[in-house]
Amino acid sequence: MSILEVENIAFSYSGEILYQKASMRLFEGEHAVLVGPNGTGKSTLLKLLEKTLTPDQGFINWVPNKKIGYLDQYANINPNLLVKTYLYDVFLPLFEKEREMERLYESVVTSSPKDHDRLLNWASALGDQLLQSDFYSIKSKVGNIIHGLGLTMDILEEPIKHLSGGMRAKIILGKLLLGDSDVLLLDEPTNFLDVRHIEWLSKFLVNYPKAYIVVSHHEEFLMEIANTVFALENGNITRYKGDYTYYLKERELRMGQMEKAFVSQQKFIQKTEDFIQRNIVRASTTKRAQSRRKMLEKIERVVAPKHDKTYHFQFPFASATGKDVLTTIDLEIGYQEPLLEALNIAILKEEKVAITGKNGIGKSTFLKTILGIIPKLGGEYKWIDTAKIAYFEQDSVFDEGLTPFQVVHIKYPHFTKKEVMSLLGNHGIDYEMATRDINTLSGGEQTKVRLALLRHQKGNVLIFDEPTNHLDVNAKEALKEAMIKYQGTLILVSHEKEFYSDICDYEITLFVT
């Protein structure tokens, strides 16, 4: 049974047409993923389905009384709430039912005998409803989600404002998974998850008895969870009834067929137009030429298939450093209290190092400490005098109202307009994207702008904090290749082992004593 009907929707965002007459159907219990390169409108489509946005044309219809859970990692939530208050809010109707049941049992004592049976039956009925809702296993459910996402139960007593960005994102995801929705709409749920927690989420979703649509660029994750693939292609939504591996093979076949059909039709159109041009002015053949012109006007044109963008990432290298690039001696990092045991680390010239550890352990804090962005709590760190550092910050915020063109031009004011546009183009940002508010771009497109800012920043130490979040597959491969080619020292924080294992010489794992 179809629980969602999307019919001929059109939608434009900041002048860019994302969909034209796009349609799709989601069926009861279907496990679907939504794929496509950065900028094709995946996150926007989820917002349309969730009705945060409204299509310009067409309609989106859900079967009535379906509970839709939407993952918004950037949701505004009260920072002063305790985590347990935020999570247990999912079960508020059940807690209210429990309080009502207790009130009824208490009122039996003071009520008249004639009301006893009525009150007891009412309270008993509420108790049965709580049992059916698995109310008494709530604590166990919360614990399963907390541990599955790589957190510990003591986080329940923490105010949300004390959480790292990754921990906050996990709590938002956890609340959604606890909500028992009829349909889940998940936008990049693996961001900030380590490998084993992605595996846990995969199993959770595979066993989820209801429907979902997931947006992710994590291919192994997609291969685990999908039995249907919706692909955003050429402004339309193409349905592939099969897993992600089937989609990759079938898409390649379809793209080849579309390419042949397009080339064949273009040859036919050119041949017909040549005939019309030669014969339209001759009295003896003008009717035939007019007939062919009418035929051309009615022909349904095959759209040229859009091929995935290619990227040209590169990080310039300055002069070499000496041997001991970074040394830490009993370095303590954190805010009021140290997050970790004291760190004694030595990173040498031209080494490529992955900084790993559980989310919230302090990986970003470590980077910000050795960069002097936040103060150390104790111990020492020392950079070699010749170190020239280029830093990619995770989800840094752009000033309101700036375009990507302006962002790059501020960084490199001596660049001509052509040089700025060429730089952005090499990073997958076309003219339309380059000239609109950067905060209207997708997460992947904003990441590409940040990478573009490093293109002419000469250094001999590159520091990256989770650069693959939001990036599509082709962009990740291009970034990996650029990091492998880099001649200097590389310090990389990433939760994607399949990404950093091909790049880095070794890992430094942070852990709490």
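The values are calculated or read from the model by the stated rules, or taken from the named source; none is laboratory data. Here the structure is a predicted model, which is why all the values come from computation and not from measurement. As a convention, Cβ positions derive from the backbone with ideal geometry for all residues, glycine included, and neighbour counts pool all protein chains shown. Accessible surface areas use protein heavy atoms only, side chains included; no ligands, DNA or RNA. Shrake-Rupley method; radii C 1.70, N 1.55, O 1.52, S 1.80 Å.
Accessible area per residue, 1.4 Å probe, Å², for the stretch 293-396: what's the number? Don't jump to the answer; show the numbers that get you there.
Working: 5720 Å² over 104 residues.
Solvent-accessible surface per residue comes out at 55 Å².
Classify the stretch 384-471: rounded, prolate or oblate, from the alpha-carbon gyration tensor (a ≥ b ≥ c, eigenvalue square roots; a/c under 1.5 rounded; otherwise prolate if a/b is larger than b/c)?
Values: a/c = 2.00, a/b = 1.35, b/c = 1.48.
Oblate is the answer for the stretch 384-471, as a/c is 1.5 or above yet b/c matches or exceeds a/b.
What number do you get for the stretch 288-434 when its Cα radius of gyration is normalised by 2.2 N^0.38 Å, N = residues? List each step's numbers first, then the result.
On the way: Rg = 25.1 Å, N = 147, 2.2 N^0.38 = 14.7 Å.
Normalised Rg, Cα atoms only: 1.72.
Pairs of Cα atoms under 8 Å, at least six residues apart: use those to get the relative contact order of the stretch 302-360, whole percent. Please report the intermediate quantities before stating the final value.
Working: 45 pairs, mean separation 16.2, N = 59.
The normalised contact order for the stretch 302-360 reaches 27 percent.
In the stretch 257-309, what trypsin sites (Lys or Arg not before Pro) fall in a loop by DSSP, with at most 10 other Cβ atoms inside 10 Å? Can you show the working numbers first?
On the way: sites: Lys260, Lys267, Lys271, Arg278, Arg282, Lys287, Arg288, Arg292, Arg293, Lys294, Lys298, Arg301, Lys306, Lys309; in loops: Arg282, Arg301, Lys306, Lys309.
Taking the stretch 257-309 and a limit of 10 other Cβ atoms within 10 Å, the loop trypsin sites (Lys or Arg not before Pro) found are Arg282, Arg301.
With a/c under 1.5 counting as rounded, go ahead and sort the chain into rounded, prolate or oblate using the C-alpha gyration tensor (a ≥ b ≥ c being the square roots of the eigenvalues; past the cut-off, prolate if a/b is larger than b/c, else oblate). Walk me through the numbers before you get to the answer.
Details: a/c = 2.52, a/b = 1.15, b/c = 2.19.
Oblate is the answer for the chain, as a/c is 1.5 or above yet b/c matches or exceeds a/b.
Let me cross-check Asp117: its accessible surface, 1.4 Å probe, with only protein heavy atoms counted, in Å² to the nearest 10?
Roll a 1.4 Å probe over it and Asp117 shows about 110 Å².
For Lys294, list the lysines whose Cα falls under 24 Å from its own Cα; do not include residues on the same chain fewer than 8 positions away.
Answer for Lys294, where 24 Å is the Cα cut-off: Lys267, Lys271, listed by chain and number.
Taking every DSSP beta bridge with both residues inside the chain, roughly what % is antiparallel (nearest 5)?
Details: 30 of 64 bridges.
DSSP beta bridges in the chain are roughly 45 percent antiparallel.
For the stretch 38-191, with every protein chain kept in place, what is the accessible area per residue (1.4 Å probe, Å²)? The partial results should precede the final answer.
Working: 7940 Å² over 154 residues.
Accessible area per residue, the stretch 38-191: 52 Å².
Answer rounded, prolate or oblate for the stretch 139-199, using the Cα gyration tensor with square roots of eigenvalues a ≥ b ≥ c: rounded when a/c is under 1.5, else prolate when a/b is larger than b/c, else oblate. Write down the numbers at each step before the final one.
On the way: a/c = 1.42, a/b = 1.20, b/c = 1.19.
Since a/c stays below 1.5, the shape of the stretch 139-199 is classed as rounded.
Could you please state how large a percent of the accessible area of the chain is carbon and sulfur, counting protein chains only and using a 1.4 Å probe?
Details: 13170 of 25620 Å².
Answer for the chain is 51 percent, counting heavy atoms of protein chains only.
If you take every residue apart from Val214 with its C-beta less than 11 Å away from the C-beta of Val214, what net charge results, scoring Lys and Arg +1 and Asp and Glu -1?
Numbers: positive: Lys42; negative: Asp187, Glu188, Glu224.
Here the charged neighbours net out to -2.
Rolling a 1.4 angstrom probe over the protein heavy atoms, how many square angstrom per residue are accessible across the stretch 410-513? Before the final figure, lay out the partial values.
Numbers: 4040 Å² over 104 residues.
Each residue of the stretch 410-513 exposes 39 Å² on average to a 1.4 Å probe.
In whole Hz, what ³J(HN,Hα) sequence does the stretch 264-274 give by Karplus (6.51, -1.76, 1.60; θ = phi - 60°), x for Gly and Pro?
Whole-Hz 3J(HN,Hα) from phi for the stretch 264-274: 4, 5, 4, 5, 4, 4, 5, 5, 5, 5, 5.
For Asn61 and Ser12, what is the calculated FRET efficiency with R₀ set at 30 Å and r taken between the beta-carbons, to the nearest 0.05?
Once the sixth-power term is evaluated, E becomes 0.90.
Name the residues whose placed amide hydrogens come within less than 5 Å of the amide hydrogen of Gln394, ignoring near sequence neighbours (fewer than 5 apart) on the same chain.
For Gln394, whose amide H was placed from the backbone, the distant partners under 5 Å are Asp465.
Measure off 7 Å from each Cα along the Cα-to-Cβ vector at Ala304 and Ser264, then give the distance between these two points in nanometres to one decimal.
For Ala304 paired with Ser264, the spin-label model returns 2.0 nm.
Exactly which chymotrypsin sites (Phe, Trp or Tyr not before Pro) in the stretch 55-107 are in a DSSP loop and have at most 13 other Cβ atoms within 10 Å? It would help to have the intermediate numbers written out before the result.
On the way: sites: Phe59, Trp62, Tyr70, Tyr74, Tyr86, Tyr88, Phe91, Phe95, Tyr105; in loops: Tyr74.
Filter output for the stretch 55-107: Tyr74.
In sequence order, what are the phi-derived ³J(HN,Hα) couplings for the stretch 56-63 according to the Karplus relation 6.51 cos²θ - 1.76 cosθ + 1.60 with θ = phi - 60°, rounded to whole Hz, with x for glycine and proline?
These are the phi-based 3J(HN,Hα) values: 5, 9, x, 9, 10, 10, 9, 4 Hz.
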